[in-house]
Amino acid sequence: MSQLFMKGNEAIAESAVRAGCEFFAGYPITPQNEIPEYLSWRLDEVGGVFVQGESEVAAVNMIYGASCAGKRVMTSTSGPGLSLKAEGISYLAASRLPAVIVDVARTGAGLGQIKPGQNDYWFVKSPGHGGFKTIVLAPHTVQEAVDLTYMAFDLADRDLAPVIVLADGVIGAMMEAVTLPPFKDTYPDKTSWILNGAENRESRIISSVTNDLNKLESFHVYQKELYESWGRKDVMVESFMASDAEYIIAAYGTSARIAKTAIRILREKGIKIGLIRPITIVPFPYEAFEDLPYNNVKGILVTELCIPSQMIDDIQLGVLKRIPVHTFGRGGGFIFSPEDIIDELNKVFSLED
């Protein structure tokens, strides 16, 4: 298979096309604009449909409708747009409708800034009201963004649920060589539930509305069992030079890319340090932290492109106070360097003394 040199956002869009995405609705917001721009012409080439909605609220409800008709659907946005889509994502989850949502995260709350950030970590774990969860996939390279987007459509169809791909402005804007997946030619059979006309069958309704409290509680029990199954079969995590490490960096996405360079520099100096990188934010790889050799590992540094740290809550649950956990990050759209991470490690652990 040949490689192409592609921008992250465009590679995500092409991966969605190859995964069988037939309908996209979105609204412009930096730093994800290349996704709808690319799909505005690419979907037409493969017989799909692109719609620029009048708002994020409209766009998410459009993919709700197209998913009801059995189409593979996607929308993309960034933090402020995801806030506007939250109600619609909750309806997708409650109505058991598959959809892929790409969040190319920016920095800050409110309008924030268009620069990269990792401030959406807390939000994407349950992006709306009602206590539902979504599988969240967090790439740290353009190739991984391609692979995880491709996978997201299968996960959404498997569970009849929305799935989120959490990238950031760095992953979306950078260009790397990628190998694109093949075009899918087989899909799950949805004829038992989709709304495609009631000729020769009973009519159907897809809705989250019910006045039967027992039925509603049964759905909550179903959700609980579904989320527990994710923890058994869908956890993805990378361990990088961590087998003999005395110190661990915990990072995901762009932060993990930078951390790997810092680790290589320190390894050349004989310092035993490694990385644990969650690839799934939900389900979180708690066992990767629970199973650390605590007779050898002396501490963890959580690095993120946000202040305060958001992932630290999950790291502390995995570590259970057995070793010190420190955090290091930059906010406001600033991106730290490998040297910044090394300086912080020396500050909290005195590595090079």
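Computed from the coordinates by the stated procedures, all read-outs in this text should not be read as laboratory data. Everything quoted here is computed from the prediction, not taken from an experiment. Because the Cβ atoms are built from the backbone with ideal geometry, glycine has one as well, and the counts that use them run over all protein chains shown.
Return one number: the angle in degrees, 0 to 90 and rounded to the nearest 10, between the long axis of the Cα atoms of helix 56-68 and the longest principal axis of the Cα atoms of the chain.
Once rounded, one gets 60 degrees.
Largest first, please: the extent of the C-alpha atoms of the chain along each principal axis, to the nearest Å.
The Cα atoms of the chain stretch 77, 47, 40 Å along the principal axes, largest first.
Could you check which residue among D234, D103, D157 shows the biggest mean-square fluctuation in a GNM of the chain with a 10 Å Cα cutoff?
D234
With Rg and the Kirkwood Rh both taken from Cα atoms, where does Rg over Rh land for segment 189-242?
1.22
With a 10 Å cut-off between alpha carbons and a GNM built on the chain, which of I265, I205, I342 moves the most?
Comparing I265, I205, I342 in a Gaussian network model of the chain, the most mobile one is I205.
Helix 79-94 versus the longest principal axis of the chain: what angle, 0 to 90°, nearest 10, using Cα atoms?
Roughly 60 degrees, rounded to the nearest 10.
Compute the signed sum of charges (Lys and Arg +1, Asp and Glu -1) over the other residues within less than 12 Å, Cβ to Cβ, of V163.
Cβ neighbours under 12 Å give a net charge of -2.
Just for the chain, what percent of DSSP beta bridges are antiparallel, to the closest 5?
Looking only at bridges with both residues in the chain, the antiparallel portion is about 30 percent.
Could I get the Rg over Rh figure for segment 38-117? Both from C-alpha atoms, Rh via Kirkwood, rounded to two places. Before the final figure, lay out each step's value.
Numbers: Rg = 13.3 Å, Rh = 13.4 Å.
In segment 38-117, Rg relative to Rh is 0.99.
Specify the angular offset, from 0 to 90 degrees and rounded to the nearest 10, of the alpha carbon long axis of helix 253-268 from the longest principal axis of the alpha carbons in the chain.
It is inclined by approximately 30 degrees.
So in segment 239-349, what percent of DSSP beta bridges are antiparallel if you round to the nearest 5?
So the antiparallel bridges in segment 239-349 amount to around 15 percent.
First obtain the Kirkwood hydrodynamic radius of segment 284-352 from its Cα pairs, then insert it into the Stokes-Einstein equation at 37 °C and 0.692 mPa s, and state the resulting D in µm² per second as a whole number.
Translational D for this selection: 255 µm²/s.
What is the distance in Å between the Cα centres of segment 231-264 and segment 6-35?
27 Å
Using only the alpha carbons, work out the radius of gyration and Dmax of segment 239-349 in angstrom.
12.7, 38
Kindly write out, for segment 153-169 in residue order, the coupling ³J(HN,Hα) from the Karplus curve 6.51 cos²θ - 1.76 cosθ + 1.60 (θ = phi - 60°), rounded to whole Hz, with x marking Gly and Pro.
5, 5, 5, 4, 5, 4, 9, 6, 7, x, 10, 10, 9, 9, 9, 8, x
Let me know the charge dipole size of segment 239-349 about its Cα centre in debye, to the nearest 20, where only the beta-carbon of Lys, Arg (+1) and Asp, Glu (-1) is charged.
220 debye
Can you sort F328, F5 by how many other beta carbons sit within 10 Å, fewest first?
Ascending Cβ contact count within 10 Å gives the list F5, F328.
Whole Å is fine, so just give me how far the alpha carbon centre of segment 88-129 lies from that of segment 332-353.
Each part reduced to its Cα centre gives a spacing of 29 Å.
Expressed in nm to one decimal, what extension gain is obtained for the pair N346 and F219 from 0.36 nm per residue of sequence separation less their Cα-Cα distance?
Result: 40.7 nm gained on full extension.
Which is the longest run of the chain containing none of the GluC sites (Glu not before Pro) found in DSSP loop states (not H, G, I, E, B) with at most 14 other C-beta atoms within 10 Å?
Maximal segment without exposed cleavage sites: 203-351.
Express the Stokes-Einstein translational diffusion coefficient of segment 76-213 in µm² s⁻¹, to the nearest whole number, given a Kirkwood radius over alpha-carbon pairs, 4 °C and a viscosity of 1.567 mPa s.
D, rounded to a whole number, is 78 µm²/s.
Under 5 Å between amide H atoms, partner at least 5 residues away or on a different chain: which partners does E238 have, H built in plane at 1.01 Å?
Those lying under 5 Å, H to H, from E238 are R277, I279.
If you take the charge dipole of segment 179-247 about its Cα centre, with +1 on Lys and Arg Cβ and -1 on Asp and Glu Cβ, which of S243, S207, Y222 is farthest toward its positive end?
S207
Given +1 on the Cβ of Lys and Arg, -1 on the Cβ of Asp and Glu, and no further charges, what dipole in debye does the chain carry about its Cα centre, rounded to the nearest 20?
Dipole size: approximately 280 debye.
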